[in-house]
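*Asks:* Quick one: structure below, then a few questions.
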Amino acid sequence: MTRPITRGQLAGAATAIALVAAGAGFGLARLQEPKAPTPASPAAPPGRKILYWYDPMIPMERHQGPGKSSMNMDLIPKYADEASSGTGVRIDPGAVQNLGIRVVAVQRGDFAQNLDATGVLDFNQRQVAIVQARAAGFVQRVYARAPGDIVPAGAPIADLLIPSWGGAQVEYLAVRGSGVPGLEAAARQRLRLLGMPSSLIDAVARDGRPRTVVTISTPQGGAIQTLEVRQGMTVAMGQTLAQVSGLGTVWLNAAVPEAMAGQVKIGQPARAELAAFPGEMFTGHVTAILPTAQAESRTLQVRIELSNRGGRLRPGMFATVHFSGAAHPALFLPTEAVIRTGKRTLVMVAGDGGRFQPVEVQIGREAGDRTEVLAGLDEGQKVLASGQFLIDSEASLAGVQTRPLAASPAVAAMPAAVAKAALYETRGRIEALTADSITLSHEPVRAIGWPAMTMTFKLGSPGLAKAAKVGDQVSFGFEQKPEGPVIRRLSPVAGR
């Protein structure tokens, strides 16, 4: 007898069928799901050969295939046509245009170096008059004078009462009235020796009476610098009463940098612009170059004498001084093209095919926006006048070597087979070996600024590593080639 199926059994059977269907569906889906493609190694474009793989952040670390660098960055390929097409770093022409790089030619022509300096006007110290008392006396009157006043020649300063002159003048008048030949001249000479001016002696002879009050006046016109006389005071013989500086000419003291002192000579013409008289030029000549330099500013003081017609030039005024130099033929380039590193001076020379090579140069004088080139370049060579710092950074990242100053353009243009290459020596441990390459963990190479690192070198000949094996300590010598460093000498290190 068949037992009836309960409601619970029906529910359990439905659940089991659902689970089986779900499992079958999941399995069918897994069978039908396409497999994800396995990433393949990047292949070189047709016609291009990959020399090695590297990280742009560590250009000296080179690998035989794709992967990760020591900084865990993806490696990129270095193609043979990028290395063999010329020296230097190659920049895409589109990038050159976007960067706004400007190329100019090295020129030869007349190079006149002009020097600009700052200066301050001062009194002409050769036009200074000292007013003194010629005898002891008393100040009876002081004229309305004060330091800084500008006075003409013969301007009165003070009236002095000199009692000692009275007796001598009485004796002179008595001798003059005696009519004895020769005595008057002797008496007159005695008055001069006592310090009396000739004008006072003439007045005594004309009036026939002594004059003990004398007016002290300035012997030249100018500005009163000091005034040491007051009414009622007593003065001694030789005491300074006033000092007057002339204003007919003034000195312009220019501060010339010590490094440019050789460009200034005595008698050289100079032009001055004063803030007080914009648009007006004052001309003069160098009269002296002071023998000592200012230790604080490292400048030399150059003295220029300027005519002061009308007394417009006042000591203390600020001026800009322009020294004109003689023009001489020279090789020059724009100053903005020069890269100064502190140890040497570089320019970026533009070559064919968008290539740029850092070149060491020796520079000379500067004039305006031009700089003289003493060595390292030839007339007509193209250099970068803008964007050169970006290209120099790119060249450093790419490991491009700077052409040294000793290498002339003719030597730099010689084929690699003719030009003798430098051999750089160091030591290291062999990490990997192939038929034509060797990977070494080497010590720093101080000659070219390399730190200690692991990198792959190309073997100059397969026989160099014939007896070597992984783990050996070796000393080796290599040279720099456009396609990378090449081992020229390899030998085991004894006792290591």
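*Asks:* Which residues, taken from the range 174-212, are charged (D, E, K, R), in a loop (DSSP other than H, G, I, E, B) and surrounded by 14 or more Cβ atoms within 10 Å (Cβ to Cβ)?
*Replies:* Once the filter is applied, which keeps residues that are charged (D, E, K, R), in a loop (DSSP other than H, G, I, E, B) and surrounded by 14 or more Cβ atoms within 10 Å (Cβ to Cβ), the range 174-212 yields only ARG211.
*Asks:* Also, I was wondering about something else. So in the range 51-66, with the set limited to residues that are assigned to a loop (DSSP other than H, G, I, E, B) and either among the basic types (Lys, Arg) or farther than 19 Å from TRP450 by Cα (or both), which one is modelled with the highest pLDDT? Before the answer, list the steps.
*Replies:* Step one: of the range 51-66, the residues assigned to a loop (DSSP other than H, G, I, E, B) are 56-57, 64-66.
Then drop every residue that is not either among the basic types (Lys, Arg) or farther than 19 Å from TRP450 by Cα (or both), which leaves 64-66.
On the way: GLN64: 79, GLY65: 83, PRO66: 87.
This residue is PRO66.
*Asks:* Right, GLY248: under 18 Å from GLU305 (Cβ atoms) and out of contact with any strand residue (DSSP E or B) (no Cβ under 7 Å at 6 or more places or on another chain) or not?
*Replies:* Considered against the rule, which asks whether it is under 18 Å from GLU305 (Cβ atoms) and out of contact with any strand residue (DSSP E or B) (no Cβ under 7 Å at 6 or more places or on another chain), GLY248 comes out as yes.
*Asks:* Name every residue in the range 213-231 that is surrounded by 15 or more Cβ atoms within 10 Å (Cβ to Cβ) and in a loop (DSSP other than H, G, I, E, B), in order of residue number.
*Replies:* THR218, GLN220, GLY221, VAL229 - these are the residues of the range 213-231 that are surrounded by 15 or more Cβ atoms within 10 Å (Cβ to Cβ) and in a loop (DSSP other than H, G, I, E, B).
*Asks:* Is at least one residue of the range 323-345 on the phi > 0 side of the Ramachandran plot, of a type in the set (D, E, K, R) and either assigned by TED's automatic domain parsing to the domain that holds GLY267 or touching a residue at least 24 places away in the same chain (Cβ under 8 Å) (or both)?
*Replies:* no
*Asks:* Taking the options GLY179, GLY195, GLY246, GLY232, name whichever one is within 30 Å of THR299 (Cβ to Cβ) and not β-branched (Val, Ile, Thr). If you could, list the steps in order and put the result at the bottom.
*Replies:* Working: GLY179 fails: within 30 Å of THR299 (Cβ to Cβ); GLY195 fails: within 30 Å of THR299 (Cβ to Cβ); GLY232 fails: within 30 Å of THR299 (Cβ to Cβ).
Being within 30 Å of THR299 (Cβ to Cβ) and not β-branched (Val, Ile, Thr) holds for just one of GLY179, GLY195, GLY246, GLY232, which is GLY246.
*Asks:* Are there any pairs, at least 6 apart or on different chains, whose C-beta atoms fall under 9 Å, with the first in the range 228-250 and farther than 30 Å from ASP122 by Cβ and the second among the basic types (Lys, Arg) and in a loop (DSSP other than H, G, I, E, B), and if so, which?
*Replies:* The qualifying pairs are MET237/ARG134.
*Asks:* Restricting attention to the range 106-123, which residues are at pLDDT below 90, buried (at least 19 other Cβ atoms within 10 Å of the Cβ) and part of a strand (DSSP E or B)?
*Replies:* Once the filter is applied, which keeps residues that are at pLDDT below 90, buried (at least 19 other Cβ atoms within 10 Å of the Cβ) and part of a strand (DSSP E or B), the range 106-123 yields PHE111, LEU115.
*Asks:* Sort out which residues of the range 122-155 are within 49 Å of the chain's Cα centre (by Cα) and hydrophobic (A, V, I, L, M, F, W, C), and write them in order of number.
*Replies:* Answer for the range 122-155, where residues must be within 49 Å of the chain's Cα centre (by Cα) and hydrophobic (A, V, I, L, M, F, W, C): PHE123, VAL128, ALA129, ILE130, ALA146, ILE150, VAL151.
Here's the yes/no breakdown for (1) at pLDDT 90 or above; (2) under 30 Å from GLY246 (Cβ atoms); (3) in contact with a Gly (Cβ under 9 Å, 6 or more places away or on another chain); (4) not basic (Lys, Arg):
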| position | (1), (2), (3), (4) |
| --- | --- |
| ILE162 | yes, yes, yes, yes |
| SER178 | no, no, no, yes |
| LEU183 | no, no, no, yes |
| LEU227 | yes, yes, no, yes |
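*Asks:* Next question. Going by what's in this entry, would ASP369 be described as in contact with a Pro (Cβ under 9 Å, 6 or more places away or on another chain) and surrounded by fewer than 19 Cβ atoms within 10 Å (Cβ to Cβ)?
*Replies:* Against the criterion (in contact with a Pro (Cβ under 9 Å, 6 or more places away or on another chain) and surrounded by fewer than 19 Cβ atoms within 10 Å (Cβ to Cβ)), ASP369 qualifies.
*Asks:* Quick one: how many residues across the range 296-320 are polar (S, T, N, Q), assigned to a loop (DSSP other than H, G, I, E, B) and within 33 Å of the chain's Cα centre (by Cα)? First the steps, then the outcome.
*Replies:* If we filter the range 296-320 for residues that are polar (S, T, N, Q), which is where we start, we get 297, 299, 301, 307-308, 320.
Remaining after also requiring assigned to a loop (DSSP other than H, G, I, E, B): 297, 308.
Then drop every residue that is not within 33 Å of the chain's Cα centre (by Cα), which leaves 297.
Qualifying residue count, the range 296-320: 1.
For (1) exposed (fewer than 15 other Cβ atoms within 10 Å of the Cβ); (2) modelled with pLDDT under 90; (3) farther than 30 Å from GLU372 by Cα, each residue gets a yes or a no:
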{"position": "LYS68", "(1), (2), (3)": "yes, yes, yes"}
{"position": "ASP81", "(1), (2), (3)": "yes, yes, yes"}
{"position": "GLY94", "(1), (2), (3)": "yes, yes, yes"}
{"position": "GLY100", "(1), (2), (3)": "yes, yes, no"}
{"position": "GLN125", "(1), (2), (3)": "yes, no, yes"}
{"position": "VAL131", "(1), (2), (3)": "no, no, yes"}
{"position": "ASP159", "(1), (2), (3)": "no, no, yes"}
{"position": "TRP165", "(1), (2), (3)": "no, no, yes"}
{"position": "TYR172", "(1), (2), (3)": "no, yes, yes"}
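*Asks:* Next up: Can you name the number of the only condition in (1) surrounded by fewer than 14 Cβ atoms within 10 Å (Cβ to Cβ); (2) touching a Gly at 6+ places or on another chain (Cβ under 8 Å) that GLY310 fails?
*Replies:* Going through the list (1) surrounded by fewer than 14 Cβ atoms within 10 Å (Cβ to Cβ); (2) touching a Gly at 6+ places or on another chain (Cβ under 8 Å), GLY310 breaks only (2).
Conditions tested, residue by residue: (1) polar (S, T, N, Q); (2) touching a helix residue (DSSP H, G or I) at 6+ places or on another chain (Cβ under 6 Å).
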| position | (1), (2) |
| --- | --- |
| PRO163 | no, no |
| GLN169 | yes, yes |
| ARG192 | no, no |
| GLY195 | no, no |
| ILE201 | no, yes |
| GLY208 | no, no |
| THR212 | yes, yes |
| GLY222 | no, no |
| GLY232 | no, no |
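*Asks:* Any idea which of ALA293, ALA337 is under 21 Å from MET260 (Cα atoms) and among the small types (Gly, Ala, Ser)?
*Replies:* Of the residues listed, the single one that is under 21 Å from MET260 (Cα atoms) and among the small types (Gly, Ala, Ser) is ALA293.
The values are calculated or read from the model by the stated rules, or taken from the named source; none is laboratory data. Values in this document were obtained by computation on a predicted structure and should not be read as measured data. For neighbour counting, all protein chains shown are included, and Cβ atoms are generated from backbone atoms with ideal geometry for every residue, glycine included.
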